[in-house]
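Asker: Supplied in structure tokens, the structure appears directly below.
The values are calculated or read from the model by the stated rules, or taken from the named source; none is laboratory data. All values derive from a computational prediction rather than experimental measurement. We work out accessible area using only protein heavy atoms, side chains counted, and drop any ligands, DNA or RNA first. Shrake-Rupley method; radii C 1.70, N 1.55, O 1.52, S 1.80 Å.
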Amino acid sequence: MELTHFDEHGKAVMVDVTDKQDTVREATAAGKIVVSQAVYDAIEQGKIGKGDVLGVATTAGIMGAKRTADLIPMCHILPITNCRIRFEMVPEERTVYCYCTVKVTGKTGVEMEALTGVSVALLTVYDMCKALDKSMEIGEIYLCKKTGGKSGVVENPSRREPH
């Protein structure tokens, strides 16, 4: 498989999708933030001074997904038709998992939008909680699954799936 974001001279280019057919495409990405017990409890009990952490992070993640082309230079501007952010809190790990599913009918996939949505949502959790603890760790951001387009269904079997 060859990389498609380079021309014959090795210069970066946006992939030309003009001749591709529109198909329904969907991608789900995941990531996590590990926090202290105090931060975990404050999120769970809604006691963070800046407000509803997961509610604000949901909105931020959706906004991030919608603005992906503004952040990643070779991404196409896509008319996203749906974006869903979900959180799963796991007390024994003091971890908040984030899942972002993005959908579009278009000529190119939404993997980058899903990954960006997760990243921005988790950064927002960090921002809202950093007054309590600056040692939170964001990590393991990955694509869970994508559907549509030439490659069809692609799943990442070695990673945590949303519950």
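Asker: Which whole-Hz couplings ³J(HN,Hα) result when phi for each residue of the stretch 14-20 is put into the Karplus expression 6.51 cos²θ - 1.76 cosθ + 1.60, θ = phi - 60°, listed in order with x for Gly and Pro?
Answerer: 7, 5, 7, 10, 3, 8, 6
Asker: Still on this structure, please answer the following. Per residue, how much accessible surface does the stretch 90-163 expose to a 1.4 Å probe? Answer in Å², no decimals.
Answerer: On the way: 3650 Å² over 74 residues.
Value for the stretch 90-163: 49 Å² per residue.
Asker: Let me ask something else. In whole percent, how big is the carbon plus sulfur part of the accessible area of the stretch 66-158, probe 1.4 Å, protein atoms only?
Answerer: Working: 2640 of 4890 Å².
Accessible surface attributable to carbon and sulfur in the stretch 66-158 totals 54 percent.
Asker: Which links in Lys66/Lys134; Lys32/Lys130; Lys11/Lys145; Lys103/Lys146; Lys107/Lys146 stretch past 20 Å when you go from one Cα to the other?
Answerer: Numbers: Lys66/Lys134 28 Å; Lys32/Lys130 16 Å; Lys11/Lys145 30 Å; Lys103/Lys146 10 Å; Lys107/Lys146 14 Å.
The pairs that break the limit, which is 20 Å between Cα atoms, are Lys66/Lys134; Lys11/Lys145.
Asker: Using the C-alpha atoms of the stretch 75-146, what convex hull volume per residue, in cubic angstrom, is computed?
Answerer: Numbers: hull volume 7.3 nm³, N = 72.
Normalising the Cα hull of the stretch 75-146 by residue number yields 102 Å³.
Asker: Over all distinct Cα pairs, what is the inverse of the mean 1/r for the chain, reported as the Kirkwood hydrodynamic radius in Å? Provide the component values of the computation, followed by the final result.
Answerer: Numbers: mean 1/r = 0.0597 Å⁻¹.
Over the chain, the inverse of the mean reciprocal pair distance is 16.7 Å.
Asker: What accessible surface, in Å², does a 1.4 Å probe find on Met14, ignoring ligands, DNA and RNA and rounding to the nearest 10?
Answerer: The value for Met14 is about 100 Å².
Asker: For Val120, what accessible area in Å² do you get when you roll a 1.4 Å probe over the heavy atoms of the protein chains, rounding to the nearest 10?
Answerer: 40 Å²
Asker: Okay, helix-only estimate at 222 nm for the chain: each DSSP H run of n ≥ 4 adds -39500 (n - 2.57), divide by all residues, round to 500 deg cm²/dmol; what do you get?
Answerer: Details: 4 runs with 46 residues, N = 163.
Result for the chain: -8500 deg cm²/dmol, rounded to the nearest 500.
Asker: Let me ask you something else. Hey, can you list the DSSP H helices of the chain whose Cα span along the axis is 27 Å or longer and whose average Kyte-Doolittle score is at least -0.5?
Answerer: Details: long enough: 111-129 (28 Å, 1.03).
Both cut-offs are met by 111-129.
Asker: Please give the per residue accessible area of the stretch 1-89, computed with a probe of 1.4 Å over protein heavy atoms only, in Å². Display every interim value, and only then the final one.
Answerer: Values: 5700 Å² over 89 residues.
Per residue, the stretch 1-89 has 64 Å² of solvent-accessible surface.
Asker: Can I ask one more? Sorted by accessible area (1.4 Å probe), largest first, how do Lys130, Lys47, Lys32, Lys146 line up? Walk me through the numbers before you get to the answer.
Answerer: Values: Lys130 70, Lys47 145, Lys32 40, Lys146 15 Å².
The most accessible residue leads, giving Lys47, Lys130, Lys32, Lys146.
Asker: Below 18 Å, Cα to Cα, which aspartates and glutamates can Lys50 reach? Residues fewer than 8 away in the same chain don't count.
Answerer: Hits, sequence-local ones excluded: Asp41, Asp127, Asp133.
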